[in-house]
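What follows is a short report on a single structure.
Read-outs throughout are calculated quantities, based only on the coordinates presented, and are distinct from any laboratory measurement. Keep in mind it's a predicted model, so treat the numbers as computed, not measured. For neighbour counting, all protein chains shown are included, and Cβ atoms are generated from backbone atoms with ideal geometry for every residue, glycine included.
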Amino acid sequence: MTMENRIRRILLEEPARDYPMARRVLSRLPGVPVTVIPRREVLRPPDRRRTSWLADSKTTLLLAVQKGPFRRPCPGTPDYLCCGYQVLQTALGCPMDCTYCILQSYVNVPAVTLFVNVEDLLQELEQDWNASPGKVWRLGTGEFGDSLALDDLAGLHAALIPFFAQRPGAALEIKSKWRQLEHLLPLGPNPQVIFAWSLNPEEVVRGEERFTASLKDRLQAAVQAAAAGFRLAFHFDPIIYFPGWEEAYGRTVALLGEAVGSADIAWISLGALRFLAPQRSLILERFPASGIAVQEMVRAPDGKLRYFIGLRQELYGRLQEQVAAAAPGALVYLCMESPRVWDAVFGFHPQDDDLARRLDARVKG
Ligand code: SF4
């Protein structure tokens, strides 16, 4: 099955209709009903409980024009060490449906939005690049949605990847839980492009990551990307605690090590489950079979619920050992964690922008 088969309805913003991406999407989904709306601002969150419209929003596609800047700094918080990543807001929302997805809490449009003005995105990147010679850019398209889920339909990354071919100081991370990337393989080799997968044990994929690709398929896609000459990254994020987690993550990390070599891996991140406090009731209501929201958690300084610090340290410590054995030499870092946790896991914590510098060094190869 392709992800675009899930689309049941298209909303087309009037100013978006003549963009090549909009025409491409409409021509590829000929049987899907289209409603033209004057502008996306008329779409208010339905006057119903969020839990009642979220599922429908996953099968509705909104084609719109990005009016603000595409590039935004990844939202960090002062109490946690940030890696200096920049996100490209090329989409908003996702047709897949993970129980823990943080987008559930703040997407206010009842649709998956694809921004069609890729020409403006390329122009913005060109201007930023020319304005800051020598600066290292780590950019990603997978923060406000999944990079690959609808990419064959939209054609975004086929336009973006060539931009990064001639710029050794910039890297584009294409982050996904999906498997479909065959349309991008002919654009390799290109070491400035990093295909990244979020990984979890198969039991977590089945229980918490609805409509995503299996672990095996994600790793198979990674093998294809490496063979085509792209670099890889992996994110064990969110790491979820459950009885048997240690053995399950050990199995998962071992499969990763068997599939790809450390030399192809730009970085691996670890991040334990966290979500905004009000999201707990949303998860309980939408996914009553999921156990992730009934676990005891603590409210952290950034307002998110997190596992207690001792459990986070245990999870990271074990994962870090497992990764070191399966992918020796790979750069491993913690995503949005405190200096105290870094110290417990690695025996040090990065000072100032040291983490960003380490990752920037990987961009240059
Ligand atoms: S794949 Fe990512 S963006 Fe999509 S629902 Fe899951 S967590 Fe959210």
Simple Cβ-charge dipole of segment 234-365, Lys/Arg +1 and Asp/Glu -1, about Cα centre, in debye nearest 20 = 300 debye
ask   = Going by how many other Cβ atoms sit within 10 Å of their own, how do 53, 137 line up, fewest first?
value = 53, 137
note = For residue 9, the residues 5 or more places away or on another chain with a placed amide H closer than 5 Å to its own amide H are 61
key: Pairs of lysines in segment 3-363 (C-alpha under 21 Å apart; 8 or more residues apart or interchain)   = 4
remark   = Going fewest to most other Cβ atoms within 10 Å around each Cβ, 109, 36 line up as 36, 109
task = Sort 97, 354 so the one with the fewest other Cβ atoms within 10 Å of its own Cβ comes first.
result = 354, 97
remark   = Residue-ordered couplings for segment 332-349, obtained by feeding phi - 60° into the Karplus form 6.51 cos²θ - 1.76 cosθ + 1.60 and rounding to whole Hz (Gly and Pro as x), are 10, 9, 9, 8, 6, 10, 7, x, 4, 5, 4, 4, 5, 8, 10, x, 7, 9
